[in-house]
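Asker: Okay, handing you the structure first.
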Amino acid sequence: MADSKISALPASTTPLAGTEVLPIVQSSTTKQVSVANLTAGRAISATQLTLTTGNLIVASGQGIDFSATSGTGTSELFNDYEEGTHTATITPGTSGTVTLLAGNTLLAYTKVGRLVTVTGNIVADVVTLPIGYFNISLPFVVADLPELSGRSAATITMQTTVLSNISDFVSIMPETLSVIRVYLGNASTLQATSAQQIKQYTEMFISASYFTT
């Protein structure tokens, strides 16, 4: 078959499948290589990357490495971003049950790296003799970090409670657990009697930021 100019060849179908084979000279020998293997295992260097369609997809466990800029942190790898909703539950610390009102059970969250931000409004519905502190579930486990000394704070505003003022409630997030733990703070120490303050239509406005694992 006579040689043809490249300009005379028919156009290929795009996008390429990656299995197409090209000739390449390697160590003075002509060999075949697939399109998918042209950059396999090699870093791509560019001054700018613009995506006109689609998304930049990073393999699980990989991310964007910012170590080119010096820092004193323990990691400069950005490897996670997530948005979603979490169906919250309330669990009394000692006994009893609290069921949330349908339509008022979701917390919205955004996870950027290890930092999780949660916000939302939940409402109690069926309340059966709750005793002790109470836990509100979170979408991710609170990280075990030495600088947190075992727990960090969340912000919860309570409304329509049995007796206590809305300013009486104190909320913390214990490490290694995926909960906000709510106490009463109407004395010199935390009081494990907050669950008794929940009744039907008790409303909780929640805002919390914490590090996860």
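Throughout, read-outs are computed from the coordinates displayed, never taken from laboratory work. Bear in mind that the values here come from a model prediction, so they are computed numbers and not experimental data. Cβ atoms come from the backbone with ideal geometry, glycine included; neighbour counts cover every protein chain shown.
Asker: Can you tell which of 42, 181, 114 shows the greatest fluctuation in a Gaussian network model of the chain with Cα springs below 10 Å?
Answerer: Between 42, 181, 114, it is 42 that shows the largest mean-square fluctuation.
Asker: Now for a different question. What list of ³J(HN,Hα) couplings, whole Hz, do you get for region 133-144 from phi and the Karplus terms 6.51, -1.76, 1.60, once you set θ to phi - 60° and write x for glycine and proline?
Answerer: Values per residue, Gly and Pro as x: 6, 9, 9, 10, 5, 10, x, 9, 5, 6, 5, 8 Hz.
Asker: Residue by residue, what Karplus-based ³J(HN,Hα) values in Hz, rounded to whole numbers, does region 64-76 have, using 6.51, -1.76 and 1.60 with θ = phi - 60° and x for Gly and Pro?
Answerer: With the stated coefficients, region 64-76 comes to 9, 9, 9, 6, 5, 9, 5, x, 10, x, 8, 7, 10 Hz.
Asker: Could you go through region 4-19 in sequence order and give the Karplus-derived ³J(HN,Hα) for each residue, using 6.51 cos²θ - 1.76 cosθ + 1.60 with θ = phi - 60°, rounded to whole Hz, and x for Gly and Pro?
Answerer: For region 4-19, the Karplus curve yields 10, 5, 4, 5, 8, 7, x, 5, 7, 7, 10, x, 5, 7, x, 8 Hz.
Asker: Given +1 on the Cβ of Lys and Arg, -1 on the Cβ of Asp and Glu, and no further charges, what dipole in debye does the chain carry about its Cα centre, rounded to the nearest 20? Provide the component values of the computation, followed by the final result.
Answerer: Values: 8 positive and 13 negative charges, 38 e Å.
Computed charge dipole of the chain: roughly 180 debye.
Asker: Report the calculated FRET efficiency for residue 209 and residue 108 (r = Cβ-Cβ distance, R0 = 22 Å), to the nearest 0.05.
Answerer: Numbers: r = 13 Å, r/R0 = 0.59.
Given R0 = 22 Å and the Cβ-Cβ separation, E is 0.95.
Asker: Shifting gears a bit: Please compute the length gained on full extension between residue 9 and residue 21, using 0.36 nm multiplied by the number of residues separating them and subtracting their Cα-Cα distance.
Answerer: Numbers: separation 12, 0.36 × 12 = 4.32 nm, distance 1.56 nm.
Between residue 9 and residue 21, full extension yields 2.8 nm more.
Asker: Label points 7 Å out from Cα along the Cβ direction at residue 34 and residue 121: separation in nm?
Answerer: 5.5
Asker: Springs between alpha-carbon atoms under 10 Å, Gaussian network over the chain: tell me which of 11, 46, 195 tops the mean-square fluctuations.
Answerer: With Cα springs under 10 Å in the chain, the top fluctuation among 11, 46, 195 is at 11.
Asker: Could you identify which residue out of 167, 60, 178 has the top mean-square fluctuation in a GNM of the chain using Cα springs shorter than 10 Å?
Answerer: Of 167, 60, 178, the most mobile in the Gaussian network model is 60.
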